[in-house]
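To start, the structure itself, in structure tokens.
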Amino acid sequence: MMQTDTLNNIGLIGGNPHRFPMVLLDRIIENGSKVITEKFVSLNDYEFRHADFQNQQEFIYPDWLVVESFFQSAGLFLQCASRNLSPYVISCKNIQFRRAIVAGEIIQHHVSLDVQKESFIIVSGESRVSDETVVSYQQIWLGFQQRETQHG
């Protein structure tokens, strides 16, 4: 198990090809044979910029952002920054949502590497709030390709 310190977190998360407002990881807890990350769902999240504080339903975090955050966690297996790679999702065989996630909660993604090949990986895992599994994932296929270089 490799625990990642806060300054190293910034470098690893910064290796993700996404930028604001789509960086959906806040902390890396473990980055080794398995990946554990956290996403803090804050009232300050871009998603809630127009929310009405009188309507609690407007503070439910969208399912697709939870899944994208899991995908970004899985991408840590690819070491995108050091290998100059851009990851992409090939297939999602089975994703099960068990309950909604709301502002103020911390999502913890637990990702296991099931298969690693030359041009893709297959992962599985779950997203938890506290110790409750809120989303489970099976057979998530991620591909990767060389990033195109930008010329200034």
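Checking each residue in segment 96-152 for being touching a Ser or Thr at 6+ places or on another chain (Cβ under 7 Å), among the acidic types (Asp, Glu) and either under 21 Å from LYS39 (Cα atoms) or not in a strand (DSSP E or B) (or both) picks out only GLU126.
Looking at LEU43, is it under 16 Å from LEU24 (Cα atoms) and either open to solvent by less than 60 Å² (accessible area, probe 1.4 Å) or within 12 Å of the chain's Cα centre (by Cα) (or both)? Judged against the criteria, LEU43 is not a match. Of everything in segment 63-120 that's without any contact (Cβ under 8 Å) to a residue 60 or more places away in the chain, of a type in the set (Gly, Ala, Ser) and open to solvent by 20 Å² or more (accessible area, probe 1.4 Å), which residue is farthest from ARG147 (Cα to Cα)? The qualifying residue farthest from ARG147 (Cα to Cα) is ALA100.
The residues listed here are SER82, SER73; of these, the one that is at pLDDT below 90, among the hydroxyl-bearing types (Ser, Thr, Tyr) and more than 24 Å from THR133 (Cβ to Cβ) is SER82. Between residues in segment 42-54 that are under 15 Å from VAL66 (Cβ atoms) and acidic (Asp, Glu) and residues that are open to solvent by less than 50 Å² (accessible area, probe 1.4 Å) and not in a loop (DSSP other than H, G, I, E, B), which pairs lie under 8 Å by C-beta distance while being six or more apart or on different chains? Close Cβ pairs satisfying both conditions: ASP45/TYR61; GLU47/TYR61; GLU47/LEU65.
Only one of the numbered conditions (1) modelled with pLDDT of 90 or more; (2) not in a loop (DSSP other than H, G, I, E, B) is not met by PRO87, and that is (1).
Consider segment 121-147 and keep the residues that are open to solvent by 70 Å² or more (accessible area, probe 1.4 Å) and over 16 Å from PHE71 (Cβ atoms). The one that is farthest from the chain's Cα centre (by Cα) is GLN146. Here GLN72 passes the criteria (1) assigned to a strand (DSSP E or B); (2) within 23 Å of GLU47 (Cβ to Cβ) except the one numbered (1). Scanning segment 110-128 turns up no residue that is within 15 Å of PHE40 (Cα to Cα) and among the β-branched types (Val, Ile, Thr). When PHE53, PHE77 are checked against the criterion of being over 16 Å from the mean Cα position of the chain (by Cα) and outside any strand (DSSP E or B), a single residue qualifies: PHE53.
When we screen GLU118, GLU105 for residues that are closer than 17 Å to VAL135 by Cβ and among the acidic types (Asp, Glu), the only hit is GLU105. Mind listing whichever residues of segment 22-40 are open to solvent by less than 30 Å² (accessible area, probe 1.4 Å) and part of a loop (DSSP other than H, G, I, E, B)? Hits for segment 22-40 are LEU24, LEU25.
The values are calculated or read from the model by the stated rules, or taken from the named source; none is laboratory data. Since the model is a prediction, treat every value here as computed from it, not as a measurement. Neighbour counts run over all protein chains shown; Cβ positions are idealised from the backbone, glycine included. Surface accessibility is based on the protein's heavy atoms, side chains included, excluding ligands, DNA and RNA. Shrake-Rupley method; radii C 1.70, N 1.55, O 1.52, S 1.80 Å.
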